[in-house]
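To start, the structure itself, in structure tokens.
The values are calculated or read from the model by the stated rules, or taken from the named source; none is laboratory data. No experiment lies behind these values; they were computed from the predicted model shown. For neighbour counting, all protein chains shown are included, and Cβ atoms are generated from backbone atoms with ideal geometry for every residue, glycine included.
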Amino acid sequence: MFENRIKSLNNKKMDKNGEFVIYWMQRSIRSSCNHSLEYAVQIANDLKKDLLVIFCFDSKFSEMNERSCYFLFESLKDTEENLKKRGIRFIVLDSSPLITKLLEYAEKSVCVITDRGYLKYLREIREKAAEKILVRMVQVESDVVVPVETASSKEEYSAKTLRGKLHKVLEFYINREFDYIHYEMNYLGEIKTDFDLKKMYEILGKLNIDRSVKKSEYFYGGENTAKKTLETFIAEKLDGYSKYRNNPELDYQSDLSPYLHFGNISPLFIAKEILKSQKNKESTDDFLEELIVRRELAINFVYYNPDYDKFQNMTYSWAYETMEKHKNDQKDYIYSPDILEKAETHDEYWNSAQKEMMITGKMHGYMRMYWAKKIIEWSEGFDKAYEVIKYLNNKYFIDGRDENSYAGIAWCFGKHDRAWNERNIFGKIRYMNSNGLKRKFNIDMYTEKINKL
């Protein structure tokens, strides 16, 4: 089950006199199909030690707002309740800097197990913790189907170059049985927690966070909801996914991206359930392409490209050359970031997409591409457009600050794409316009739907 998923983050020894094994849960906020958790259970059982699961919450994180906080705490509450059913103690620590309190608990531990993060700041946090913790720290990868370094040892150029590598090993990883390990100790001791999740809404009301981005009334966090969302998708949408997924007036997307972002559901679990359903083969193949190839291409991008979030180095030389050539092209419209954020452009379709994001915390995938392309067209420069897209993405989307988000933004500037016929403003970068929306589907129905939110 743990094939190629385990990596020691330091060379220190386990302290077998420690009181408990710690699973420092940060990326994989769930109790099921979680390799990190099962590995921690296995270690605890082998050593006859208690298992303590810790989540560290940094209330001073600068990009924290009401929307992301609600989704996070709903996720934590589900996890606590589900771990309790397995006899496992879960606590949430208010820790800024993030690892401060983890280090205190680690002093009494046998070892620390953690899940894997791919974004720079998540990797740096784990590296810093591994350096300061006095016992063995082990990372277990649980939020990809194929471990990132097993899939490829370098940054891949496109989905095509990664797809072949993934498909060589995919069957091995998908067909392996996921074994849940019975936790033998049944440890529910009264270890201090900084947040009593039974008082979740009281806690959320007191946090000093940005209240301008309200909680989503359309998405509730947690693995229980994530699994119900998957069940609904398989039962009601999967058969029509291939035909209708790019139609924003219809509802054929899985809606799983917020749950994948917060680690509420495993991509491996999703893949297994999709295949088990034996639904329409074309739709199944198309969905797995998005879930595995496209998503893991995004993870490959942020893992191997240290400048994935910097305009200067996130895309290809041909794209920078064409942007430089067209940087002074005349534009019919230029909108300030403030006007864009308020959805006050001349384009009612774009405004609807912006409103969908602001109200729900999500946007239909096809409209998300159109939305970003238009910001490029209406900004004073490519670099300014990049910063506006990133700002709005990270502020309003529940799945903002995600590997898929950064790869998706870079795609709008040519990443993982090819050069197209040259045109005004965009040069050789792919262009999208409202005529394409009208031609492909009933875009006015989408606008009407958003206006009713």
- Task: Would you mention how many residues in the range 76-87 are surrounded by 21 or more Cβ atoms within 10 Å (Cβ to Cβ) and either modelled with pLDDT under 95 or within 22 Å of residue 63 (Cα to Cα) (or both)?
- Result: 1
- Query: Of the residues 92, 21, which is over 19 Å from the mean Cα position of the chain (by Cα), assigned to a strand (DSSP E or B) and within 30 Å of residue 212 (Cβ to Cβ)?
  - Reply: 92
- Any hit, the range 200-218, residues being touching a residue at least 12 places away in the same chain (Cβ under 8 Å), polar (S, T, N, Q) and part of a helix (DSSP H, G or I): no
- the range 269-305 - residue that is closer than 18 Å to residue 245 by Cα and under 14 Å from the mean Cα position of the chain (by Cα) and, of those, surrounded by the most Cβ atoms within 10 Å (Cβ to Cβ): 292
- Task: Answer with yes or no whether residue 251 is of a type in the set (Asp, Glu) and either within 13 Å of residue 264 (Cβ to Cβ) or in a helix (DSSP H, G or I) (or both).
- Result: no
- Residue hits (the range 372-406; under 18 Å from residue 416 (Cα atoms) and not in a helix (DSSP H, G or I)) are 402
- Note on the structure: Exactly one of 68, 59, 95 is small (Gly, Ala, Ser) and closer than 21 Å to residue 223 by Cα, and that one is 68
- more than 16 Å from residue 137 (Cβ to Cβ) and touching a Lys or Arg at 6+ places or on another chain (Cβ under 6 Å): does that describe residue 38? no
- Task: Could you grab me the full set of residues in the range 311-346 that are in a helix (DSSP H, G or I), surrounded by 12 or more Cβ atoms within 10 Å (Cβ to Cβ) and not polar (S, T, N, Q)?
- Result: 311, 318, 319, 320, 321, 323, 325, 337, 339, 340, 341
